[in-house]
Amino acid sequence: MPLRDIDDVDRLKKINAALVSRVERSMDQQGNAFSLFQTAISLENRVRNRTEELHATLRRLEQSNIELSAAKENAELANLSKTRFLAAASHDVLQPLNAAHLSVSALAEVQTSEEGRKLVRQVERSLETMEDLLRTLLDISKLDAGVVQPEIGDVSLETLFSSLRSDFQPEAEKKGLSLKFRPVNVVVRSDRTLLRRILQNILSNALRYTRSGGVLVGTRHRGDTIRIDVADTGCGIAEDQREAVFEEFHRGTSTLADGGLAGGLGLGLAIVRRMAAALGHPVTFSSRVGRGTIFHIDVPIGMAAAEPATGIADMDRPRGYGLFGTKVLLVENDADVLSAMTSLLERWQCLVRAATSTDDALDLLGDTDWVPDIIIADQHLDGGDLGTATIAEVRAYLGRPVPALIVTADGSELVAKAARAAGIELMRKPLKPAQLRALLAHLLA
């Protein structure tokens, strides 16, 4: 209906109000749309800015990762260089240290006065301390560099305990302490050498920090693991020292002073933690100050059946001289070590012929009336010769497997594997004369 035909004023007002309302709504919608448009533009700008900031942060993070990776690589190279340096330095230092050990041992046998014997014992203790420090620093360096690869196999705890008893019984008796190992017919999965070193260090600490009473070593089954316990009645470890005792050169001096005890180098537990971590054997302890400490080592049960302990421990015990007239072919290129070793062997009534290389050794065999009963050789000889190769050539020349021993300051596993493969015994420098004598007697038995 056309507006001009409407004569009802009220009706016209209603129509006008409806039109005005529609116009206002339309204007509001346009306003809201414009507001939304402005908001969208603002958000787009903010998103763009944040995206640029994020890209910049990612670029900085990428650069930081590159720098961090380079720094890590440099640190690893530096660590390996340190390990190689320590290995070379240790080898060079252990050579004269070995000569000193042998010379002091020979000197001890000719001392007739108590004062002379006392001075010799002091020198021996100083040399042993130096040797322990060098070897431990080298071990820590190798473990930190990750170059120690455990050789996991079945290890008889009874055999291991027998060997440790032989090593530490004299020290315990000297201090008036008891040292007991509970019999255990069980095999565990571990690296024989590293597990022995762990127990050696813990036992050494236990005896060192115990004034009265003693040390007890035993085992407990815990599911598929064996827990080895080393309990002592020593000075104990304070609660606030539980982590510090595993740090290098920490010796708990206040506790030791209160107990009238002498501390060691402070490296034993530091290397225990590293070796245990390399093996995956958790090491924990419980302790009470003034009452003692119990260390726990959890080791997986082995797969092989346990065997009765062999006479390995007996090898470590001095069996007396028993070397009278033994013909020894000694191959050593270090003049001081050669002189000291020759002097020591001759004091044991051995007949020694010395060489510095493979050719020298073979030349000595030209005398058909002289055939060596045993060969003792350094691994690294003149002219790049290796002791293992020299022994092999001497055996081939003689046509029989003469008992042989490699004596070296080279602590690498490569040398150990080469000796085992050739059926050659291995001893590390510096030598302990009593152990050398016992091993020679065993090889000649």
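Length gain on complete extension for the stretch Lys72 to Asp336, per 0.36 nm per residue less the alpha carbon to alpha carbon distance?
Length difference between fully extended and current span is 90.8 nm.
For Gly214, which sequence-distant residues (separation of 5 or more, or a different chain) have an amide H within less than 5 Å of its own amide H, given hydrogens modelled in the peptide plane?
Excluding prolines and chain starts, which carry no amide H, the hits are Ser178, Thr233.
Work out, step by step, the length gained on full extension between Tyr397 and Leu414: first 0.36 nm times the residue separation, then minus their alpha carbon distance; give nm to one decimal.
3.6 nm
List the residues whose amide H sits under 5 Å from the amide H of Leu426, counting only those 5 or more places along or on another chain, with H placed 1.01 Å from N in the peptide plane.
Ile406
Classify the range 396-445 from the C-alpha gyration tensor, please: rounded if a/c falls under 1.5, else prolate or oblate depending on whether a/b exceeds b/c.
oblate
Based on the alpha-carbon gyration tensor of the range 323-445 and its eigenvalue square roots a ≥ b ≥ c, which shape applies: rounded if a/c is under 1.5, prolate if not and a/b is larger than b/c, or oblate?
Here the range 323-445 falls in the rounded category.
Any chance you could look up the accessible area of Thr193 with a 1.4 Å probe, heavy atoms only, rounded to 10 Å²?
90
Determine the sum of side-chain charges near Arg182: Lys and Arg each +1, Asp and Glu each -1, restricted to other residues whose C-beta is under 13 angstrom from that of Arg182.
Neighbour charge sum, excluding Arg182 itself: +2.
Would you please give the residues with an amide H less than 5 Å from that of Phe181, counting only those at least 5 places away or on a separate chain, with H modeled from the backbone geometry?
Counting only residues 5 or more places away or on other chains, the set is Val217.
Using 31 Å as the Cα-Cα cut-off, could you pick out the over-long pairs in Lys180/Lys327; Lys118/Lys327; Lys180/Lys432; Lys174/Lys429?
Long pairs (Cα-Cα over 31 Å): Lys180/Lys327; Lys118/Lys327.
Sort 66-73, 338-345, 223-230 by the packing proxy (mean of other Cβ within 10 Å over each peptide's residues), most packed first.
338-345, 223-230, 66-73
Sort 295-301, 176-182, 210-216 for me by packing, meaning the mean count of neighbouring Cβ atoms within 10 Å per residue, highest on top.
Descending packing order for the listed peptides: 295-301, 210-216, 176-182.
Just to check I understand the Karplus step: with θ = phi - 60° and J = 6.51 cos²θ - 1.76 cosθ + 1.60, what whole-Hz values come out for the range 421-426, glycine and proline as x?
5, 8, x, 10, 6, 10
Can you tell me how much longer the chain between Val186 and Ala18 gets when fully stretched, taken as 0.36 nm per residue apart minus their C-alpha distance, in nm with one decimal?
50.4 nm
Using θ = phi - 60° and the Karplus relation 6.51 cos²θ - 1.76 cosθ + 1.60, list the HN-Hα couplings for the range 341-352 in order, rounded to whole Hz, with x at every Gly or Pro.
After applying 6.51 cos²θ - 1.76 cosθ + 1.60, I find 5, 4, 4, 5, 5, 5, 5, 8, 6, 8, 9, 10 Hz.
Using mean Cβ contacts within 10 Å as the protection proxy, how do 280-292, 426-438 order, highest first?
426-438, 280-292
Sticking with the crude label model, points 7 Å out along Cα→Cβ, report the distance from Thr284 to Asp359 in nm, one decimal please.
6.3
The values are calculated or read from the model by the stated rules, or taken from the named source; none is laboratory data. Predicted model, so just to flag it, every value in this text is computed and none were measured. Glycine gets a Cβ as well: all are built from the backbone with ideal geometry, and neighbour counts include every protein chain shown. Only protein heavy atoms, including side chains, enter the accessible area calculation; ligands, DNA and RNA are left aside. Shrake-Rupley method; radii C 1.70, N 1.55, O 1.52, S 1.80 Å.
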